[in-house]
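The next block holds one structure in the form of C-alpha cells; read it before the comments.
The values are calculated or read from the model by the stated rules, or taken from the named source; none is laboratory data. These numbers come from a predicted model, not from an experiment. We work out accessible area using only protein heavy atoms, side chains counted, and drop any ligands, DNA or RNA first. Shrake-Rupley method; radii C 1.70, N 1.55, O 1.52, S 1.80 Å.
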Amino acid sequence: TPNAEVQMELSPIIAPVAGIYISPGRKVSALKGLEIGAAYRGEVYMEVDPFATSAELYIAGVTLEMALSIFDYYTPHTISGGIAYTFLPVKALSGLTLSVDVEYQMWSKCRVSKAKETYWAKQGVEIPKFEDIIVPKVGLSYNFGCLTPKMQWLTLNVGYIYRPTFVPDEAVNDASVFNFMDSNTQIGSAGLSFTIPKSGPMVAPLVITIAGQMQMLAERQVKK
C-alpha cells in the first residue's frame, strides 16, 4: 500500500525507423503500376528502474523500503517488405491495386524487468522465450473512377492479415508457472475513402477514410 502520492516523470524515446521505396515503372514502361518497398522499425518499450516505494506490515508495525522494476508496452523490432501493383494496362481494371506485404517481428528479443529476471533465476525457473513470427498481409484497393470519371472521389479498400502467435506451447503448458495469453489471429478490414478535390487555399486534395476491422482469435486451451 503506498503511503504517499507517487509521481513519475517519463521521457519518450524515439524508435529508429528507416525505409526504401522503388517505382520501377518510372524507368521501364512495361512495369508501370508496380511499386516496391521495405521498412524497418526498432523496438519500443517502457522501463522504470528503479521505482522507489514502501510497504507497511500492519501486524508488526514495520515499514519496508522497496525498489521495484517496471517493464511493459513492448513492441518488437520489425522488418517489412511489400509489393503493390495497379492494373493500369487494363482499362477496366485501371483503378484496381493489389498489395502484398510480409512482416518479420522479432519477439525473441523481448525482455522482462530486471526484478523478475533476478527473482526467477533464484527460484531456478527459466523464463520462456517468445518466438519470431512472420505476418503476411494482402490488400485490395479499387477506385471507381475507372468506371466513370464522376466516381473518382470514391475508393473501396479491403485487407486481410494472418498473425501467428509468438507464445510457444512450452510457455503455456502444464509444467510452466507462467500464464501468457495469445493465439493465432485472423484480421479482416474494409473501408471507404472519399476524396475532396483541392480548391481555394488547399494545396492538395483532402482524403477522408472510414474503415472497420474485425479480429478472430483461434481457440487455445491451457490446463494448470
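Structure notes:
- Sorting Ser80, Ser11 by solvent-accessible area of protein heavy atoms yields Ser11, Ser80, largest first, with a 1.4 Å probe.
- Accessible surface of the range 1-153, 1.4 Å probe, proportion on carbon and sulfur as whole %: 61 percent
- Solvent-accessible surface (1.4 Å probe) assigned to Lys114 amounts to roughly 120 Å².
- Of all accessible heavy-atom area on the range 164-224, the percent that carbon and sulfur account for (1.4 Å): 60 percent
- Residue-averaged [θ]222 nm for the chain, counting only DSSP H segments that reach four residues, each worth -39500 (n - 2.57): -1000 deg cm²/dmol
- Sorting Arg41, Arg163 by solvent-accessible area of protein heavy atoms yields Arg41, Arg163, largest first, with a 1.4 Å probe.
- The lysine pair count for the range 114-199, using Cα distances under 23 Å and pairs eight or more places apart or on different chains, is 4.
- With DNA, RNA and ligands ignored, accessible area of Glu117 (1.4 Å probe; Å², nearest 10): 110 Å²
- In sequence order, calculated HN-Hα J values of the range 138-143 (Karplus, 6.51, -1.76, 1.60; Hz; x Gly/Pro): 9, x, 10, 10, 10, 9
- Residues in the range 9-17 carry Karplus couplings, in order, of 10, 9, 9, x, 10, 7, 6, x, 9 Hz; the curve used is 6.51 cos²θ - 1.76 cosθ + 1.60 with θ = phi - 60°, and Gly or Pro positions show x.
- Whole-Hz couplings from phi, Karplus 6.51/-1.76/1.60, listed for the range 24-31; x for Gly and Pro: x, x, 6, 10, 10, 4, 5, 9
- Å² of accessible area per residue within the chain, as computed with a 1.4 Å probe and no ligands counted: 71 Å²
- Area accessible to solvent at Tyr162, 1.4 Å probe radius, in Å²: 80 Å²
- With all protein chains in place and ligands, DNA and RNA left out, the 1.4 Å accessible area ranks Arg26, Arg111 as Arg26, Arg111, largest first.
- Distances between placed amide hydrogens fall under 5 Å for Ser113 paired with Phe71, all partners being 5 or more residues away or on another chain.
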